[in-house]
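Remarks on the structure that follows.
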Amino acid sequence: MQAIRKKRNVYALLFALCALLIPCFVVEQMRETVFILSVAGAAALILLIHQSRMVYNARLICGNSILTVHSAVLSDLEGTEEKTMDETIVSTFGALVGDKVYKWGCDGLNGSRLKNIEMDRERISLTFGSEAQTLKLELLHGLDKAEKVFQVKQNLLRETGVEAVINGW
């Protein structure tokens, strides 16, 4: 979450800097520089808006957390894996993996959906995505008692509407 905020602040600073420099170069009648700063300012504004949405989504996920783990593996159906040792937060609205936000159930019929949840003695596997792309997020949960596993299963069912399949307990 901190990395997302830092990136947003950098874009805000770039936009403010461009906005403050443009009038100085207008007075000097340096049209080329004004044009370049205007384009850079517009790009910084677009990136700022996008990053502000990311901060909003990250706050939404953190505020409605179901499960927080310290290690996760993200892969797609082609087998490309990306390991992360950052904190991973799963919520009703999506997952925050390090500095990346994965949303589900927020963009209507064509958006990403949480499709499947599987739990075993070591991992919780979440399969989510849209028709175009499906991703699998594997979380090393560290749950050692069957009672806690069933409690997490009930929590996931109540919050996401998807029933987890439990293997090996």
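The values are calculated or read from the model by the stated rules, or taken from the named source; none is laboratory data. This one's a predicted model, so the numbers in the text were calculated from it and none came from an experiment. We place every Cβ from the backbone using ideal geometry, glycine too, and count neighbours over all the protein chains shown. The protein model used for the area step is the full one, side chains on, heavy atoms only, and it has no ligands, DNA or RNA in it. Shrake-Rupley method; radii C 1.70, N 1.55, O 1.52, S 1.80 Å.
Can you name the condition, by its number, that K148 falls short on among (1) surrounded by 12 or more Cβ atoms within 10 Å (Cβ to Cβ); (2) without any contact (Cβ under 8 Å) to a residue 24 or more places away in the chain; (3) under 20 Å from G105 (Cα atoms)?
(3)
With the requirement that a residue be free of Cβ contacts under 8 Å to residues at least 12 places away in the same chain and either open to solvent by 80 Å² or more (accessible area, probe 1.4 Å) or among the β-branched types (V, I, T) (or both), what does segment 31-57 give you?
R31, E32, T33, F35, I36, V39, I46, I49, H50, R53, Y56, listed by residue number.
Of the residues that sit in segment 1-21 and are crowded, with 17+ Cβ neighbours inside 10 Å and at pLDDT 90 or above, which one is farthest from Y102 (Cα to Cα)?
Only one residue fits best here, namely C18.
So, G105, is that one open to solvent by less than 60 Å² (accessible area, probe 1.4 Å), part of a loop (DSSP other than H, G, I, E, B) and either modelled with pLDDT of 85 or more or not hydrophobic (A, V, I, L, M, F, W, C) (or both) or not?
Criteria met by G105.
Quickly run through segment 58-86 and pick out the residues that are outside any strand (DSSP E or B), surrounded by 15 or more Cβ atoms within 10 Å (Cβ to Cβ) and touching a Leu at 6+ places or on another chain (Cβ under 8 Å).
Once the filter is applied, which keeps residues that are outside any strand (DSSP E or B), surrounded by 15 or more Cβ atoms within 10 Å (Cβ to Cβ) and touching a Leu at 6+ places or on another chain (Cβ under 8 Å), segment 58-86 yields A58, I61, S71.
Looking at (1) closer than 30 Å to K115 by Cβ; (2) part of a helix (DSSP H, G or I); (3) β-branched (V, I, T), can you tell me which one I36 breaks?
Unmet for I36, out of (1) closer than 30 Å to K115 by Cβ; (2) part of a helix (DSSP H, G or I); (3) β-branched (V, I, T): (1).
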